[in-house]
Amino acid sequence: MNEAIPLSEVLELERCARRDAERRLDAANADLASALAELQSAQSKLVHSDKLACIGQLAAGVAHEVNNPVGYVSSNLNTLGEYVADLLRYINACRTLVIDCANEGRTIVESARNVETLADAIDLDNVVGDIEALLAESNEGLSRVRKIVGDLRDFAHVDGPDLALHDINQLIDKAISVAWNELKYKADIVKEYADLPPVACFAGRIGQVLLNLLVNAAQAIVDRGEIRIRTGQDGHDVWVDVSDTGCGMAPSTIERIFEPFFTTKDVGQGTGLGLHMAYQIMRSHDGEIRVHSEVGMGTTFRLQWPISGPTEGNKVDDDANAR
Amino acid sequence: MSTSQQRSNRYQVLCIDDEPGVHQALKRELGRLGCRVHCAENGADGLDILNRESIQLLICDATMPGMHGVDVLMTAASLSPNTTRVLLTAHCANPEVVVPAINGARIFRLIPKPWPQGAIRQLLMDVIGMHPRKWSKQKDRIQERLVTDAPD
Ligand SMILES: Nc1ncnc2c1ncn2[C@@H]1O[C@H](COP(=O)(O)OP(=O)(O)OP(=O)(O)O)[C@@H](O)[C@H]1O
Ligand SMILES: [Mg+2]
């Protein structure tokens, strides 16, 4: 026969059990919170390393892009040095002639002949005629170098935690400039920009998304094709379309492109993080990324987010990621 | 004798590069050394010129729209075997470019971009040195420039 357990004891047992459960719940909560923090920090590192990888990959291209103008500008400067040496010799000969004229000595004719011979030897007409073109081309080469280095710096520069207003069309142009070495042999770039108001965004991140879309588009094109970039405004939103005439994607691929590490590219070519990051970054802007693609026809990605930028909550979220 | 052969008493160089700035710079450097310089922005146009003119020296870029430079050089090797072939590229450290250029297209020289001062003149001296009698006038011209450009 069972002895009846006194009520007080039952209550005490139940209190103990509840305290125990509460303790365990607290511990589980703490675990969850720390796991979340770890995930968040891992995620932010991922965003950062993807950006660095992307920029690293492009920096090699940029270096190459810079070698051409640096090549011809240095060659031109060396030629200019030779021109200057020739011109100085010519000027000296002319001065001798002028002095001889002033002195009205018998050497005038001989000096004049010297000047003429020298003009022939140094190809004076050509030197004089070429100097302006040489300087103009060298200047053009140097501004190309300056521009591409500046654009790359803007991109590599980690933007602060603050949202800022940006000219999206200009941001796209910078992305094109940084990716130019990947694009120029693959595609004709067609721009259809709308007049846009200043748009609130984290420029470095939107830039990163644009870079990845451009590089993806170029890599999807086998021989040569077209990449078309359109911008527009839809109510309170801004949108950017990046379309290519590349290989396109099957529905089974489209389903997976936003998964982290999903890639169809060779080892070393792609990490499969680009579109995953694009998805995260668009979410942090209260926006979205959509895709339309057909095998053999091409692909269009659309970015869309509020012109006024993300709301406070996302901004805080984004701050956490930036750390 | 065709007109192009009559004109060929000047040393003729063909530069294939998609950068007009490179054309102009090479025209200046080689023009001052007495060469006649032809330029093309892509492989197909360049090979056309190679077919038409009697070209002694071909200087070719690697990455260009259309045909890759190494393929252009390989085609040039069979099209005009007596033309000396040179690869001018920023990809000098890339074996995928360099190995087929040397073994396949059998280039005479590999010149980096940006090219060092004096590299083009040295190249010309060396290719002319292979046929010193045929291009003796050209050689004199270079010697002349060497004397006048030497720092006093
Ligand atoms: N424009 C496109 N056309 C065709 N397929 C595409 C296009 N953009 C992306 N994809 C497909 O989506 C996959 C994932 O793209 P994602 O940008 O995330 O990674 P990745 O380009 O492979 O690598 P990473 O961007 O890290 O270098 C690609 O491997 C490719 O199969
Ligand atoms: Mg990608």
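The values are calculated or read from the model by the stated rules, or taken from the named source; none is laboratory data. Source: prediction; values computed, not measured. Ideal geometry is used to build each Cβ from the backbone, glycine not excepted, and the neighbour counts take in all protein chains shown. Accessible surface is based on the protein model in full, side chains and every heavy atom, while ligands, DNA and RNA are left aside. Shrake-Rupley method; radii C 1.70, N 1.55, O 1.52, S 1.80 Å.
What the table shows:
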item	result
Any chance residue A:81 is small (Gly, Ala, Ser) and surrounded by fewer than 16 Cβ atoms within 10 Å (Cβ to Cβ)	yes
Where a residue in the stretch A:274-294 is away from chain B (no Cβ under 14 Å) and open to solvent by 80 Å² or more (accessible area, probe 1.4 Å) and its partner, wherever it lies, is hydroxyl-bearing (Ser, Thr, Tyr) and near ligand 1 (Cβ under 9 Å from one of its atoms), with Cβ under 7 Å and at least six apart	A:292/A:300
Residue in the stretch A:199-209 that is in a loop (DSSP other than H, G, I, E, B) and either touching a strand residue (DSSP E or B) at 6+ places or on another chain (Cβ under 9 Å) or open to solvent by less than 40 Å² (accessible area, probe 1.4 Å) (or both) present	yes
Failed criterion for residue A:294 (all others in (1) within 18 Å of the chain's Cα centre (by Cα); (2) more than 8 Å from ligand 1 (Cβ to nearest atom) hold)	(1)
Which listed residue is within 14 Å of chain A (Cβ to nearest Cβ), charged (D, E, K, R) and without any contact (Cβ under 8 Å) to a residue 60 or more places away in the chain, from B:121, B:36, B:109, B:85	B:36
Which listed residue, of A:102, A:112, A:119, is without any contact (Cβ under 8 Å) to a residue 40 or more places away in the chain, more than 7 Å from every other protein chain (Cβ to nearest Cβ), open to solvent by less than 50 Å² (accessible area, probe 1.4 Å) and more than 22 Å from residue B:27 (Cα to Cα)	A:112
Residues (facing chain A (nearest Cβ under 9 Å), part of a loop (DSSP other than H, G, I, E, B) and farther than 17 Å from residue B:117 by Cβ) located in the stretch B:5-33	B:17, B:18, B:19
Filtered residues of the stretch A:214-224 (kept if within 14 Å of chain B (Cβ to nearest Cβ), touching a strand residue (DSSP E or B) at 6+ places or on another chain (Cβ under 8 Å) and open to solvent by 10 Å² or more (accessible area, probe 1.4 Å))	A:224
Count of residues meeting criterion [within 8 Å of ligand 1 (Cβ to nearest atom) and in contact with a helix residue (DSSP H, G or I) (Cβ under 9 Å, 6 or more places away or on another chain)] in the stretch A:269-290	9
Residue count for the stretch A:251-273, restricted to those that are away from ligand 2 (no atom under 12 Å from the Cβ), among the hydroxyl-bearing types (Ser, Thr, Tyr) and open to solvent by 70 Å² or more (accessible area, probe 1.4 Å)	1
Residue that is most open to solvent (accessible area, probe 1.4 Å) [pool: residues in the stretch B:39-60 that are within 14 Å of chain A (Cβ to nearest Cβ) and assigned to a helix (DSSP H, G or I)]	B:44
Complete set of residues in the stretch B:62-82 that are away from chain A (no Cβ under 14 Å), small (Gly, Ala, Ser) and surrounded by 18 or more Cβ atoms within 10 Å (Cβ to Cβ)	B:76, B:80
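Quick grid of which residues meet (1) assigned to a helix (DSSP H, G or I); (2) under 15 Å from residue B:35 (Cβ atoms); (3) in contact with a Lys or Arg (Cβ under 8 Å, 6 or more places away or on another chain):
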{"site": "B:75", "(1), (2), (3)": "yes, no, no"}
{"site": "B:81", "(1), (2), (3)": "no, no, no"}
{"site": "B:87", "(1), (2), (3)": "no, no, yes"}
{"site": "B:96", "(1), (2), (3)": "yes, no, no"}
{"site": "B:131", "(1), (2), (3)": "no, yes, no"}
{"site": "B:140", "(1), (2), (3)": "yes, yes, no"}
{"site": "B:144", "(1), (2), (3)": "yes, yes, no"}
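Yes/no per residue for (1) under 24 Å from residue A:294 (Cβ atoms); (2) away from ligand 2 (no atom under 16 Å from the Cβ); (3) within 14 Å of another protein chain (Cβ to nearest Cβ); (4) not in a strand (DSSP E or B):
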{"position": "A:154", "(1), (2), (3), (4)": "no, yes, no, yes"}
{"position": "A:165", "(1), (2), (3), (4)": "no, yes, no, no"}
{"position": "A:171", "(1), (2), (3), (4)": "no, yes, no, yes"}
{"position": "A:182", "(1), (2), (3), (4)": "yes, no, yes, yes"}
{"position": "A:188", "(1), (2), (3), (4)": "yes, yes, yes, no"}
{"position": "A:197", "(1), (2), (3), (4)": "no, yes, no, yes"}
{"position": "A:226", "(1), (2), (3), (4)": "yes, yes, yes, no"}
{"position": "A:231", "(1), (2), (3), (4)": "yes, yes, no, no"}
